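The block underneath contains the structure these notes are about, expressed in structure tokens.
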Amino acid sequence: MPHNTPESKYLGKRTAIPSHYAPEVLVSVPRAANREALGLNTTHRLEGWDVWHAYEAGFLAGQGLPVTGVLKIVYDANTENLVESKSLKLYLNSFNEEKMGHTPGDAITTYEHRVKTDLEKTTGGEVRLRLHQYPVHYQEKPWQHYAIAERMPGVEQIPFTATAEDPQLLQTSYTPDEQHLGTHLLKSNCKITHQPDWGSAFLHMKGATLLPFSFLQYIASLRTEDHFHEEIAELLMKRLIEKSPQSDIMVACHYTRRGGIDINPVRFKGNHRIPAALTNEKILTTPLFRQ
């Protein structure tokens, strides 16, 4: 990866937190370049959402009263750009000593409006967000009825020998049944720093059934891949579409929090009922096992 790309501006470098509000630190990463590299732009149309939870969200009100919360951010997977996560961390922390309003309520309103405006300039599309404060009421776990592949009998006898991403591992059986499958064994690496990214992956298919252990073998083959979270979700979608082009498919990846932010890309093709609360900024998503 060249070192003069937008992604590399802060990643892997020691960077001080801005002492004052600093929208200029936000970094836009064009989606088109990464999708072209994955062969997605011309042959696949991916719908979906990027859902982020920022746990380092705070500012001041009144006479210096700290106001804190969890900021849930939702934006469309087809905005022109995504936000580079370390730049978002720096940006959000630039509010730490900023007085945003006389009362906490006024401060929250001003904060949400300013962050929304800045992120929409960065992404080139609509951004929905809400600052959630204690006590919070989490949604029902969105994937609680999904079968976890590594908990299925016989998994210990399955060979895991792939040392790089291998789509040939994915095996499907064509049935009219719907499939709900997940794993908490997702791992890939940051494309800039090569540090490990851990998480969970869930898929819903209709029109074909993916053999559960083949799904697990494929997920394990991603362990040495260097991609951003969104790219891993889109790579998995691409491979599933190639295996079963007529099927309705949904993929959701939930990555472990890094730098105070967790990233949850959701992609789908066809008719799918994504859990409504997952992409509703007004409802705080229940953290998954790896988060």
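Projecting the Cα positions of L119, Q217, G62 onto the charge dipole of the chain (unit charges on Cβ atoms of Lys, Arg, Asp and Glu, taken about the Cα centre) puts G62 furthest along the positive direction.
Calculated mean residue ellipticity at 222 nm for the chain: -6500 deg cm²/dmol, from DSSP H runs with n ≥ 4 weighted as -39500 (n - 2.57), summed, divided by the residue count and rounded to 500.
For R290 and E156, the difference between the fully extended length at 0.36 nm per residue and the C-alpha to C-alpha distance is 46.1 nm. A Förster radius of 51 Å, combined with the Cβ-Cβ distance separating S173 from T5, puts the computed FRET efficiency at roughly 0.80. For the pair E36 and H180, label points projected 7 Å from Cα toward Cβ lie 4.1 nm apart.
Between the Cα long axis of helix 229-243 and the first principal axis of the chain there is an angle of about 20°, rounded to the nearest 10. Using Cβ point charges alone (K and R +1, D and E -1), the dipole size of the chain about the Cα centre works out to roughly 240 debye. Protection proxy ranking for 125-138, 79-92, using the average of other Cβ atoms within 10 Å per residue and placing the highest first: 79-92, 125-138.
Using only side-chain charges placed at the Cβ, +1 for Lys and Arg and -1 for Asp and Glu, the dipole size of segment 147-279 relative to its Cα centre rounds to 200 debye.
How much of the DSSP bridge set in the chain is antiparallel, in percent, rounded to the nearest 5?
95 percent
Segment K282..Q195, full-extension length gain: 28.1 nm, with 0.36 nm per residue of separation and the alpha-carbon distance subtracted. Within the shell defined by Cβ-Cβ distances under 14 Å, the residues around T279 carry a net charge of +1, with Lys and Arg each +1 and Asp and Glu each -1. Computed from the C-beta positions of T110 and A147, the FRET efficiency with R₀ = 35 Å rounds to 0.20. Projecting the Cα atoms of H145, S28, N93 onto the charge dipole of the chain, computed from C-beta unit charges around the Cα centre, puts N93 farthest toward the positive end. So, in Å, what gap is there between the alpha-carbon centers of segment 204-227 and segment 86-156? Between the Cα centres of segment 204-227 and segment 86-156 lies a distance of 28 Å.
A crude spin-label estimate for the pair Q133 and S19, with each label 7 Å from Cα along the Cβ direction, gives 2.9 nm.
Only the coordinates and a few stated rules stand behind these numbers; no lab work does. Since we're looking at a predicted model, the values are computed, not measured. Positions of Cβ are backbone-derived with ideal geometry, glycine not excepted, and every protein chain shown enters the neighbour counts.
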